[in-house]
């Protein structure tokens, strides 16, 4: 799988692949991707893989989302010979190489619920915007009103950096997980 775009980070890391099975070879591709997923699950820090099936005949691509606990563990899997062998087995069943992004930060929160019996589409960007906006609003305003007076004796640039770090940590580990759970039915409505 090729076309890597990468963003760095220290916590949860996700490989987001958009895959293009060749027409008529989807079942063979699904068998090969199943083998790749089983191999990834044996690596340290693996936290699950989700496959989003094509949204329509006009968009026949799949999305494969693999989560790891750290960037280091994700890279260990991504650069492994085990992964490379299985990616090579996928090639005969692909219309074109997969497009891969390595994500950290907010993107991994927008992965579907773990329900293997249901296929979920990725939420639209406006829904992700609303959830992140609420998270920013809920994290930044209380931090400024509660903590800024306590940081009054610290130089402004340093106090701003500390407030930003606390706000981002609160959003990443507390508010975004809570909001994606609260809004899960809206973000990932079950197909009718």
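No lab work stands behind these numbers, since they all come straight from the coordinates. All values derive from a computational prediction rather than experimental measurement. Positions of Cβ are generated from backbone atoms using ideal geometry, with glycine treated the same way; all protein chains shown enter the neighbour counts.
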Tally, over the range 164-178, of residues that are more than 21 Å from the chain's Cα centre (by Cα) and in contact (Cβ under 8 Å) with a residue 12 or more places away in the chain = 1
inquiry  = Against the conditions (1) surrounded by 10 or more Cβ atoms within 10 Å (Cβ to Cβ); (2) touching a helix residue (DSSP H, G or I) at 6+ places or on another chain (Cβ under 9 Å), where does residue 141 fall short? Just the number, please.
reply    = (2)
query = With respect to the numbered conditions (1) surrounded by 15 or more Cβ atoms within 10 Å (Cβ to Cβ); (2) over 18 Å from the mean Cα position of the chain (by Cα), which one is the sole condition not fulfilled by residue 34?
reply = (1)
request  = Check 161, 152, 139 and return the single one that is within 25 Å of the chain's Cα centre (by Cα) and free of Cβ contacts under 8 Å to residues at least 60 places away in the same chain.
outcome  = 139
